[in-house]
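K.L.:
Would you mind keeping the following structure in view while I ask a few things?
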Amino acid sequence: MTTTSTAPVFAALGDPHRQQLLTLLARGGAASASSLAPSLPVSRQAVDRHLRILSSAGLVEPRRSGREVLYSVRRAELDRSAAWLRDLADGWDRRLSAIKAAAEAPE
């Protein structure tokens, strides 16, 4: 995975309100902007904007239900981004192990 494909996910997760919305949706299931708004210290319109950003990053999926739009978590992008972070961490662990081995090797 390249950093280009993870950039929208990390940009979306960089805002604490969007993190909170994602947590609320993960715990409570599909919900509308109106039902989520009381849980955040921002307006319903701001919640709607945050949900659209999460949707653009592929982290939530909007679905029309009558007059409401319900949002639910999409795990695929989170899983891809987590895998990218794991690969990055594994690479650093290998490098650090090699440095440690070289430093501890008898001369």
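Each value in this text was obtained by applying a stated rule to the coordinates, not by laboratory testing. Worth saying up front: this structure is predicted, and the values here are computed from it rather than measured. Heads up, the Cβs are rebuilt from the backbone with ideal geometry, glycines too, and the neighbour counts pull from every protein chain shown.
K.L.:
Which whole-Hz ³J(HN,Hα) couplings does region 81-98 yield from phi under the Karplus relation 6.51 cos²θ - 1.76 cosθ + 1.60, θ = phi - 60°, glycine and proline marked x?
P.N.:
Using θ = phi - 60°, the values come out as 5, 5, 5, 4, 5, 4, 4, 5, 5, 4, x, 5, 4, 5, 5, 5, 5, 5 Hz.
K.L.:
Order 45-55, 26-36, 78-88 from most to least packed using the mean count of other Cβ atoms within 10 Å.
P.N.:
Ranking the peptides 45-55, 26-36, 78-88 by packing returns 45-55, 26-36, 78-88.
K.L.:
Normalising by the residue count of the chain, find the relative contact order in percent from Cα pairs under 8 Å and 6+ residues apart.
P.N.:
Value for the chain: 27 percent.
K.L.:
222 nm [θ] for the chain, helices only, -39500 (n - 2.57) per DSSP H run of 4+, per residue, to 500?
P.N.:
-21500 deg cm²/dmol
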